[in-house]
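Accompanying notes for the structure given below.
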Amino acid sequence: IMRKSTKKSLIHKLFLFQVKSSLIFKTQGLKALCFIRKSHLDNDFKVFKQLYDEECKNEMKLIFELNKGMNKNQMAYITLMSDDIIYAECYAHELIIHTYEHEYAVKMTLKKFMEQVKQAHCFIQIHRSYAINMKYIYRIDKNHINMVNEESKNELEIGRKYKKEVNEAFRNYLMDKF
């Protein structure tokens with residue numbers, strides 16, 4: 001399973017094997033996909049396998065044309081897994097895709113990006129300039145969303161006309177996950 005996860009770039013997945021069942025509840029803040037108890041190993045592993053397979057089905061391979069400036073002769077493409085994308089930002093007539101390690105400027109509108117990631121069922125537009133992957137939401141308040149952690153560079157504004165839709169979509173996303 002670990003080999004499969006590194007090949008598929010499932011960096012945010014956490015595999016936690018716990019010997020003491022009493023510690024399971026203390027570790028739930030880790031956002032593990034599943035908890036496997038030694039005392040229930042066979043059953044817990046079957047549940048884990050089902051959840052893992054379902055999680056992998058929702059992941060999509062996406063191909064984007066990189067923005068190489070004014071040089072029209074050079075075409076370059078990047079392939080990303082949908083789970084690797086934290087958020088996309090429309091800035092100065094280009095789309096910037098943010099991942100943990102890189103930012104990619106691509107030739108695409110935010111509308112086209114949303115059409116391309118629609119089947120992943122985890123992206124939502126929160127502002128006329130931002131679309132986020134709900135898997136990476138750290139905190140939501142009235143006007144902002146923190147992605148990944150509390151750092152200000154990861155704080156995105158929620159547009160007025162998107163507030164209701166964002167809250168409803170995130171609530172539905174959480175209900176579907178659990």
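Of note:
- Residue within the range 159-176 that is aliphatic (A, V, I, L, M), surrounded by fewer than 19 Cβ atoms within 10 Å (Cβ to Cβ) and in a strand (DSSP E or B) present: no
- Residue that is most open to solvent (accessible area, probe 1.4 Å) [pool: residues in the range 123-158 that are out of contact with any strand residue (DSSP E or B) (no Cβ under 7 Å at 6 or more places or on another chain) and not in a loop (DSSP other than H, G, I, E, B)]: K153
- Residue in the range 88-108 that is open to solvent by 50 Å² or more (accessible area, probe 1.4 Å) and under 22 Å from K177 (Cβ atoms) present: yes
- For the range 106-115, a residue qualifies if it is touching a residue at least 24 places away in the same chain (Cβ under 8 Å) and over 19 Å from M81 (Cβ atoms), and exactly one does: K107.
The values are calculated or read from the model by the stated rules, or taken from the named source; none is laboratory data. It should be emphasised that the depicted structure is a prediction, and the values quoted were computed from it without experimental measurement. Virtual Cβ from ideal backbone geometry, glycine too; neighbours counted across all protein chains shown. When the accessible area is computed, the model is the full protein with side chains, heavy atoms only, and any ligands, DNA or RNA have been set aside. Shrake-Rupley method; radii C 1.70, N 1.55, O 1.52, S 1.80 Å.
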